[in-house]
Amino acid sequence: MSNNLETGRQLSPFIKTIRLMDGNLMILDSFNSKMYKLSGEYADNIEKSILNNDLSKCPQYLTLDNELCAESMDLLYKDYLKSCNFLQLIILPTEGCNFRCTYCYENHENKKMLPETKESIINFVEKNISKYTALRIEWFGGEPLCNISDVNELSQNLIQICKKNKKPYYASMTTNGYLLDVETFRQMFLKNKILRFQITLDGVKETHDLN
């Protein structure tokens, strides 16, 4: 009988683990919107316990009864942020959106970035990137794909800045996915190096369309 059944502990469905190239283990807690980094033998033991479905040696934060280790995990999270040392920017290329979700708090005015705003972003990154280990961009909105031209322009400028300074470039995008056809995806992924897309879905088709 597994220790899970003996102890009554269950792995939280909100916990995901990722093994990094440097050997560290990243743990994503999507319920609490937090990420933790574990290293060395401790990381190995935790990963082994999860793979074997044996939570007897897992800390409480990995399981459904995860309130006991909140303080210690907050410290781990802060350590993770310090170790990353990324220059992280959230860029809204437009406030406009092609959807009108009933719960959305934005006004969706069809405003796009001014030329001086784009220039300010480029200048800021050029001036500060040397202080950081990498650049991380999150495209947000509105619906960012409603202003593809500015996404393309800024992406290419920022990628070149990182290349010049020999810094890694990471990008992701939050989108409703409606304009993300195959050709647009190829452009965003291959040319603009947007490696992750968070697509907002409100359940099954019938529920999603109601919103």
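The values are calculated or read from the model by the stated rules, or taken from the named source; none is laboratory data. The model shown is predicted, which means the values in this text are computed figures rather than measured ones. Positions of Cβ are generated from backbone atoms using ideal geometry, with glycine treated the same way; all protein chains shown enter the neighbour counts.
Per-residue answers, yes or no, for (1) under 30 Å from Lys205 (Cα atoms); (2) assigned by TED's automatic domain parsing to the domain that holds Leu201; (3) among the aromatic types (Phe, Trp, Tyr); (4) touching a Phe, Trp or Tyr at 6+ places or on another chain (Cβ under 6 Å):
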position: Trp139; (1), (2), (3), (4): yes, yes, yes, no
position: Ile161; (1), (2), (3), (4): no, yes, no, no
position: Ala171; (1), (2), (3), (4): yes, yes, no, no
position: Gln187; (1), (2), (3), (4): yes, yes, no, no
Considering (1) touching a Phe, Trp or Tyr at 6+ places or on another chain (Cβ under 9 Å); (2) at pLDDT 65 or above; (3) surrounded by 15 or more Cβ atoms within 10 Å (Cβ to Cβ), say which one Asn66 fails and leave the rest. (2)
Considering only residues that are of a type in the set (Lys, Arg) and over 20 Å from the mean Cα position of the chain (by Cα), look in the range 81-120 and name the one that is nearest to Asn147 (Cα to Cα). Lys112
In the range 1-59, how many are in contact with a Phe, Trp or Tyr (Cβ under 6 Å, 6 or more places away or on another chain) and at pLDDT 75 or above? 2
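State yes or no: is Arg186 more than 17 Å from Leu89 (Cβ to Cβ) and at pLDDT 90 or above?
On the way: more than 17 Å from Leu89 (Cβ to Cβ): yes; at pLDDT 90 or above: yes.
Here the answer is yes, as Arg186 does meet what is asked.
Taking the range 122-148 only, how many residues are closer than 24 Å to Phe185 by Cβ and either in contact with a strand residue (DSSP E or B) (Cβ under 9 Å, 6 or more places away or on another chain) or in a loop (DSSP other than H, G, I, E, B) (or both)?
Going through the range 122-148, the residues closer than 24 Å to Phe185 by Cβ turn out to be 134-148.
Remaining after also requiring either in contact with a strand residue (DSSP E or B) (Cβ under 9 Å, 6 or more places away or on another chain) or in a loop (DSSP other than H, G, I, E, B) (or both): 134-147.
Of the residues in the range 122-148, 14 are closer than 24 Å to Phe185 by Cβ and either in contact with a strand residue (DSSP E or B) (Cβ under 9 Å, 6 or more places away or on another chain) or in a loop (DSSP other than H, G, I, E, B) (or both).
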Matching option when the condition is more than 18 Å from Ser172 (Cα to Cα), in the same structural domain as Phe189 (by TED's automatic domain parsing), among the polar types (S, T, N, Q) and in contact (Cβ under 8 Å) with a residue 40 or more places away in the chain, among Thr133, Thr117, Thr102: Thr102
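Every residue, every condition in (1) surrounded by 14 or more Cβ atoms within 10 Å (Cβ to Cβ); (2) touching a Leu at 6+ places or on another chain (Cβ under 8 Å); (3) assigned to a loop (DSSP other than H, G, I, E, B); (4) touching a residue at least 40 places away in the same chain (Cβ under 8 Å), yes or no:
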position: Asn157; (1), (2), (3), (4): yes, no, no, no
position: Lys164; (1), (2), (3), (4): no, no, no, no
position: Glu183; (1), (2), (3), (4): no, no, no, no
position: Phe189; (1), (2), (3), (4): yes, yes, no, no
position: Leu195; (1), (2), (3), (4): no, no, no, no
From the list Leu114, Leu145, exactly one residue is under 16 Å from Leu92 (Cβ atoms) and buried (at least 17 other Cβ atoms within 10 Å of the Cβ). Which is it? Leu145
